[in-house]
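Novice: Quick one: the structure is below, questions incoming.
The values are calculated or read from the model by the stated rules, or taken from the named source; none is laboratory data. Bear in mind that the values here come from a model prediction, so they are computed numbers and not experimental data. Quick reminder, even Gly has a Cβ in these numbers, built from the backbone with ideal geometry, and neighbours come from all protein chains shown.
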């Protein structure tokens, strides 16, 4: 099994005619995105980036034959909406009682009585705080201490105490 890749940013629209691109970084500090190089896309292409101004960067494609800067707007346009990913192993280890949201994906979800509810399929965050998608059934649970009182990474599970509005009666 290959290592889990984490989306660290998304390439936006070109900026100007010389191949510069807007990059939306998902790191706390946008410039820290360069610390995870080489970044890869979903096709395995590798990239390095150099910040130019704000969210504008110069991308360099890295291949077996060497490094090549993206210097043409037409080439840059083809990269719009490409996700930039980094391997999970590139992240620093979290402190005790801390974890990365990406580490929750794949954990078993149980209710407070120990009944299996499914598996965490995704972690969503649309601005109002993260939520967990439990599959099968696509139950969405807010990721709060009240709704998810236990996260046990070593044991490979979380305990879900879903709010009443997320429970579907059968």
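Yes/no per residue for (1) within 13 Å of the chain's Cα centre (by Cα); (2) within 30 Å of residue 136 (Cβ to Cβ):
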position	(1), (2)
39	yes, no
42	yes, yes
60	no, no
71	no, no
74	no, no
78	no, no
86	yes, yes
91	yes, yes
96	no, no
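Novice: Can you tell me which residue among 156, 137, 127 is surrounded by fewer than 13 Cβ atoms within 10 Å (Cβ to Cβ) and within 18 Å of the chain's Cα centre (by Cα)?
Specialist: Checking each option against the conditions leaves just 127.
Novice: Are any residues in the range 1-21 part of a strand (DSSP E or B) and closer than 12 Å to residue 73 by Cα, and if so, which ones?
Specialist: Of everything in the range 1-21, those that are part of a strand (DSSP E or B) and closer than 12 Å to residue 73 by Cα turn out to be 13, 14, 15, 20, 21.
Novice: Still on this model: Out of curiosity, is residue 99 closer than 30 Å to residue 57 by Cβ and out of contact with any helix residue (DSSP H, G or I) (no Cβ under 9 Å at 6 or more places or on another chain)?
Specialist: yes
Novice: Are there strands (runs of 3 or more DSSP E) fully within the range 58-149 with at least 2 residues that are under 26 Å from residue 17 (Cα atoms)? List them.
Specialist: 66-69, 83-87
Novice: Scan the range 62-102 for residues that are within 17 Å of residue 26 (Cα to Cα) and touching a strand residue (DSSP E or B) at 6+ places or on another chain (Cβ under 7 Å) and jot them down.
Specialist: Hits for the range 62-102 are 80, 81, 82, 83, 84, 85, 86, 87, 88, 99, 101, 102.
Novice: Moving on to the next point. Note down all Cβ pairs under 8 Å where the first residue falls in the range 26-50 and is touching a residue at least 60 places away in the same chain (Cβ under 8 Å) and not assigned by TED's automatic domain parsing to the domain that holds residue 70, the second is surrounded by 12 or more Cβ atoms within 10 Å (Cβ to Cβ) and part of a helix (DSSP H, G or I), and they're at least six residues apart or on different chains.
Specialist: From the range 26-50, no pairs qualify.
Novice: Quick check on the range 52-61. Is at least one of its residues touching a strand residue (DSSP E or B) at 6+ places or on another chain (Cβ under 7 Å) and exposed (fewer than 13 other Cβ atoms within 10 Å of the Cβ)?
Specialist: Within the range 52-61 (the criterion being touching a strand residue (DSSP E or B) at 6+ places or on another chain (Cβ under 7 Å) and exposed (fewer than 13 other Cβ atoms within 10 Å of the Cβ)), the answer is no, since none of the residues qualifies.
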